[in-house]
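Only one structure is covered here, and it is reproduced in the block below.
Computed from the coordinates by the stated procedures, all read-outs in this text should not be read as laboratory data. Treat the numbers as computed from the prediction; the structure is a model and nothing was measured.
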Amino acid sequence: MSIKLEYSTTAQCKLESVWQTFTEVDRWPEWSSLFAKASWIEGDPWQGGSKLLLEVSQPSAKVKATVSESAAPNRAVWSGHVMGVTIEHRFEFLAQADGGTLMQSKIELSGPATFFINGDMQKKGLEMFSQWFDSMKAQAEKIDTVAV
């Protein structure tokens, strides 16, 4: 059994501004209560095989994520394991004809413990994630305004 959660939004700024903001991993906790801390622990950031430690606020957990794919400034994929759940998180950033950037996130949760992740938990998790993504979007738009 797997659970898929998806979210997308469009930032009114250049693709490069979205990527720049996304790659500021240590600032993720500023933008969302989802993260207590986020930091690189091994390898060059956003390179295949590099490792990221994500300390999630609620439920309190640490996820050691390994980057499996990265194609700046368009795509990044990482995966990790926590409490019997395997997480694969795909990020896509696509420049739009109007100068904006489509920001997409696809999370797939699999493993035996997904049985315990009910609809309410999925909804709360997606709400926390979308708040982070929307805050990241606002930061990217702010950067883009400053750069102009």
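Remarks
- Built amide H within the under 5 Å cut-off of Ser50, gap 5+: Val67
- Spatially proximal lysines relative to Lys142 (Cα-Cα < 18 Å; intrachain offsets below 8 disregarded): Lys14
- Normalised size of region 2-147, defined as Cα radius of gyration per 2.2 N^0.38 Å with N residues, equals 1.02.
- Karplus-derived 3J(HN,Hα) values for region 121-126, using 6.51 cos²θ - 1.76 cosθ + 1.60 with θ = phi - 60°, are 5, 5, 4, 5, x, 5 Hz; glycine and proline are entered as x.
- Cα-based reach from Lys62 at 17 Å (exclusive), listing aspartates and glutamates while leaving out same-chain residues under 8 positions away: Asp26, Glu42, Glu88
- Straightening the chain between Phe116 and Ser60 buys 18.5 nm, computed as 0.36 nm per residue apart minus the Cα-Cα spacing.
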